[in-house]
1. Of all helices (runs of 4 or more DSSP H) completely enclosed by the chain, which ones contain at least 3 residues that are surrounded by 13 or more Cβ atoms within 10 Å (Cβ to Cβ) and modelled with pLDDT of 85 or more?
2. Can you name the condition, by its number, that Ala41 falls short on among (1) within 22 Å of Lys91 (Cα to Cα); (2) over 13 Å from the mean Cα position of the chain (by Cα)?
3. Restricting region 37-90 to residues that are without any contact (Cβ under 8 Å) to a residue 40 or more places away in the chain and acidic (Asp, Glu), which is nearest to Ala25 (Cα to Cα)?
Amino acid sequence: MKNSTELLTSENLREKGLIGPPKGAGAHFKRYLQRKNLTAADAARDLNVAKSTITRFINGESELSIDLATKIKRVYNAPVEVFFRIDAQYKAYVVAQNIAKSVA
């Protein structure tokens, strides 16, 4: 930071190596399950979806669908609104990184 009045932003903190890159909603859902002592298999059973649906989501191989979000909200009362916001921020970060790479 150039001076003490400069705002602390995620980008500033990343540039200084103080925080890592953002993660998609699936990574946050994985942590949510861990805090609840649930496995991907437990979530699949509870949400009545294939285990592969959950594992692809938590591994970042698929996006959070409206259908899955509805089930997560109904079954766990989880903050799916936050998951969607996190995912939007993650996607914006990836786009910015892709643009930076193409300009360099």
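The values are calculated or read from the model by the stated rules, or taken from the named source; none is laboratory data. Here the structure is a predicted model, which is why all the values come from computation and not from measurement. Glycine also receives a Cβ, built like all others from the backbone with ideal geometry; neighbour counts cover every protein chain displayed.
1. Qualifying helices (runs of 4 or more DSSP H): 25-35, 40-47, 51-58, 66-76, 80-103.
2. (1)
3. Taking the candidates together, the pick is Glu63.
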